[in-house]
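The values are calculated or read from the model by the stated rules, or taken from the named source; none is laboratory data. Just so it is clear, the model here is predicted, and its values are computed rather than measured. Backbone-built Cβ (ideal geometry, glycine too); neighbour counts: all protein chains shown. Accessible surface is based on the protein model in full, side chains and every heavy atom, while ligands, DNA and RNA are left aside. Shrake-Rupley method; radii C 1.70, N 1.55, O 1.52, S 1.80 Å.
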Amino acid sequence: MVNAVFLLVGWVLDLIFGDPSKLPHPVVWFGKLIAAGEHRLNNGAHRRLKGALLAIGLILFIFALAWLLRTVLGIFALFIYDGSNIHQIPLLLYLFDILAIFYCLAGTTLIREVREVFLALDRSLEEGRQQVARIVGRDTSQLSAQEVRTAALETLAENLSDGVIAPLFWLLLLGTPGMLAYKMVNTLDSMIGYHTEHYLEFGCVAARIDDVANYIPARLTALLMILPSLFTFHFSHLSFVRRYGRSHASPNSGYPESALAAILDCRFGGPHDYFGERFDKPYIGTNPRELTTDDMKTAIRVNRTAEILMVGIVAILFGCFSFLPF
């Protein structure tokens, strides 16, 4: 079981540093494994079966590897004698859990990237397009300024679930091995889970696994985003999420996006281009107003509040678990 203190330390490290660009990152390794498998298997017949075997195999491999590492590291312990008792302190295991949490959380980096999109757009439309291309999978070369801002805020909401709430949810359920396995699930979906001709068969199982893994976290994310308004008996946001959460092409992304659209009183969604193909996504909301830098600041504040609430909930539950007699 992960200690609540380790969760808080890992989270604070993410708050301070974000994703360390000059250090090796597990998700980069995950991406290399997926790319190698996709290059070798995404051809010929039986693409769906081969894609399913790749996705399931990599997820189970990462979970088993993390579990094995924790087991081995737990064996290596520092023994401290305090005059009456010998205490076993598995420092390497503690360090593993802290670093795993640090690497799996992506809240700070996402916020930085979204903020940079708005700053770049203030300089020029082309810079804004180039900056938003770093965090979205769609073609950004023809986006208007409004579409650039919309894309950035949609990604901020969606990735609050993928990059913060869902990893913490799986940490609570399955510890750091589950958290790392979830990151593999999410990386698989982001690389091969597209509805394009090249990936449709090969990545469909990876996409479905991601849908299942994010089903509860996506809805939990939306609830955490609008929770402050519920405390003030402002229930229109909740009804907005109920109405538009299911309107998205994804079974999950619509919930955090609709929560943010409700808070900002704006409209998300609409047609997008992915890998040269046009996809008509439903609109979320009805107010096509111009988004501003103030909206970005509000969205970041909403993200941070939801993140703090989730970290607090998980830390409290870990603390409760530590007192259980089994």
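Structure above, values below:
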item	result
Any hit, region 65-82, residues being more than 23 Å from Y103 (Cα to Cα) and among the basic types (K, R)	no
Which numbered condition L220 fails, given (1) at pLDDT 85 or above; (2) touching a helix residue (DSSP H, G or I) at 6+ places or on another chain (Cβ under 7 Å); (3) under 27 Å from H198 (Cα atoms)	(3)
Top-ranked residue of region 37-59 - restricted to ones that are open to solvent by 70 Å² or more (accessible area, probe 1.4 Å) and touching a residue at least 24 places away in the same chain (Cβ under 8 Å), ranked as nearest to G178 (Cα to Cα)	I56
Residue match in region 191-201 (condition: part of a helix (DSSP H, G or I) and either buried (at least 20 other Cβ atoms within 10 Å of the Cβ) or not basic (K, R) (or both))	yes
Inter-residue pairs, beta-carbon under 7 Å, first within 17 Å of C104 (Cα to Cα) and in region 60-74, second surrounded by 14 or more Cβ atoms within 10 Å (Cβ to Cβ) and of a type in the set (V, I, T), 6+ apart	A66/T176; R70/T176
Residue check for G137: touching a residue at least 24 places away in the same chain (Cβ under 8 Å) and farther than 18 Å from F61 by Cα	yes
Within region 202-252, tally of residues that are crowded, with 18+ Cβ neighbours inside 10 Å and small (G, A, S)	7
Some residue of region 89-108 being touching a strand residue (DSSP E or B) at 6+ places or on another chain (Cβ under 6 Å) and open to solvent by 50 Å² or more (accessible area, probe 1.4 Å)	yes
Wholly enclosed helices (runs of 4 or more DSSP H) of region 21-131 bearing at least 3 residues closer than 30 Å to E147 by Cβ and within 19 Å of the chain's Cα centre (by Cα)	26-41, 107-123
Residue count, region 243-272 (criterion: among the charged types (D, E, K, R), assigned to a loop (DSSP other than H, G, I, E, B) and out of contact with any strand residue (DSSP E or B) (no Cβ under 7 Å at 6 or more places or on another chain))	2
Some residue of region 10-22 being of a type in the set (G, A, S) and either exposed (fewer than 12 other Cβ atoms within 10 Å of the Cβ) or within 21 Å of L93 (Cα to Cα) (or both)	yes
Selection count, region 162-174, where residues are open to solvent by less than 10 Å² (accessible area, probe 1.4 Å) and either more than 11 Å from the chain's Cα centre (by Cα) or at pLDDT below 95 (or both)	1
Top-ranked residue of region 117-161 - restricted to ones that are surrounded by 22 or more Cβ atoms within 10 Å (Cβ to Cβ) and small (G, A, S), ranked as farthest from G285 (Cα to Cα)	G128
Options G163, G178; residue that is closer than 16 Å to D14 by Cα and assigned to a helix (DSSP H, G or I)	G163
